[in-house]
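Asks: Quick one: the structure is below, and I'll ask about it shortly.
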Amino acid sequence: MVEDSELEYEDEQHDDQRTQQPQTHQNTNNGLPFKQGAVIGAIAVIATYLSHLLVTVIATAQASPVGSGEDVTELVASWEAAGWSYLSVFGAGFEAEGERAVLADVPNQAAAFVSTPFLLSSSLLFVVAIGGAVGAGYAIARYTEAEDATEAVKASLTVVPPYLVFALIAAVVMTHTFTEDATVTAFFGDLGVNAAPGLEEGEYIDGDGVSDIEFGPATSSAVLYAGLLVPAVLAAIGGLITQWRDALETVMAKVDQQ
């Protein structure tokens, strides 16, 4: 009799656990997975930056600095140029002394996305950056087992904060000041075409020498595009991929209502 009662008690415990498991799983899905999303987003950001750094190192090894002989200059550090390359993929802008500047025309830098050290390198970096954000959104949506498109999008947006943090850090830290005569002169290029059309060459190059030019990402542009807008859209697309049927039905329902 004692054994029978123990068996019945164990069966009741198993039944209670089975009924509680779905409730526990639902409770974990009620809140947004901010910690998990931050981890996945950070992995995507680091992997994307490292890919730009690797290709930038290759491009830097192939690049030739301006100047010659004793006047030869040093190239921009690869870690800085890689940050510029990373931001440019997401559409961030750049500036020199507060004026809009074109990254591709800046001397002594080998940012991978504008230097193309080997065939299709720019396309490869573009795919890595876009795929990383989409993949991060997809991964966190699958992790949370989102039940519909709305939940999937909400979960996917939790991967965006690491992109915002990196964009802000890059905009503040990854700036470079051109101080050497050859680099400042090369900054304005030939035939009046310079890396920053808003700058007047005469204000920085005169008979007394040259003035320093500070170049770097435009903070507002980097934060808006590389930190918020583009990663959020791409992550949301990744989340919707997990619920493509529900997303399609929602879109078609909206169309039918028109």
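Every read-out reported here was derived from the displayed coordinates using simple, explicitly stated rules and does not represent laboratory data. As the structure is a prediction and not an experimental result, all values here were calculated from the model. Here the Cβ is made from the backbone with ideal geometry for all residues, glycine too, and neighbour counts use every protein chain on show.
Asks: Show log10 I(q)/I(0) for the range 78-121 at q = 0.22 Å⁻¹, two decimals, from a solvent-free Debye sum over equal Cα scatterers.
Replies: These q points yield log10 I(q)/I(0) values of -0.74.
Asks: Distance between the C-alpha centers of the range 224-258 and the range 119-184? Whole Å please.
Replies: Centre-to-centre distance over Cα atoms comes out at 17 Å.
Asks: Let me ask you something else. Mind checking which of Ile169, Val134, Val159 is farthest towards the positive end of the range 133-197's charge dipole, using Cβ charges of +1 (Lys, Arg) and -1 (Asp, Glu) about the Cα centre?
Replies: Of the listed residues, the answer is Val159.
Asks: Just want the ordering: Glu145, Glu95, Glu203, from fewest to most Cβ atoms lying within 10 Å of their own Cβ. Show your work: numbers first, answer last.
Replies: Values: Glu145 13, Glu95 19, Glu203 9.
Going from sparsest to densest Cβ surroundings: Glu203, Glu145, Glu95.
Asks: Would you mind ranking Tyr138, Tyr86, Tyr163 so that the residue whose beta carbon has the fewest other beta carbons within 10 Å leads the list? Walk me through the intermediate numbers first.
Replies: On the way: Tyr138 22, Tyr86 31, Tyr163 27.
Result, fewest neighbours first: Tyr138, Tyr163, Tyr86.
Asks: Over its Cα atoms, what ratio of radius of gyration to 2.2 N^0.38 Å does the range 102-163 give?
Replies: Numbers: Rg = 16.7 Å, N = 62, 2.2 N^0.38 = 10.6 Å.
Ratio of Rg to 2.2 N^0.38 Å for the range 102-163: 1.58.
Asks: Using the number of other C-beta atoms within 10 angstrom as an exposure proxy, rank His176, His52 with the fewest first. Can you show the working numbers first?
Replies: Values: His176 19, His52 26.
Arranged by neighbour count, lowest to highest, His176, His52 become His176, His52.
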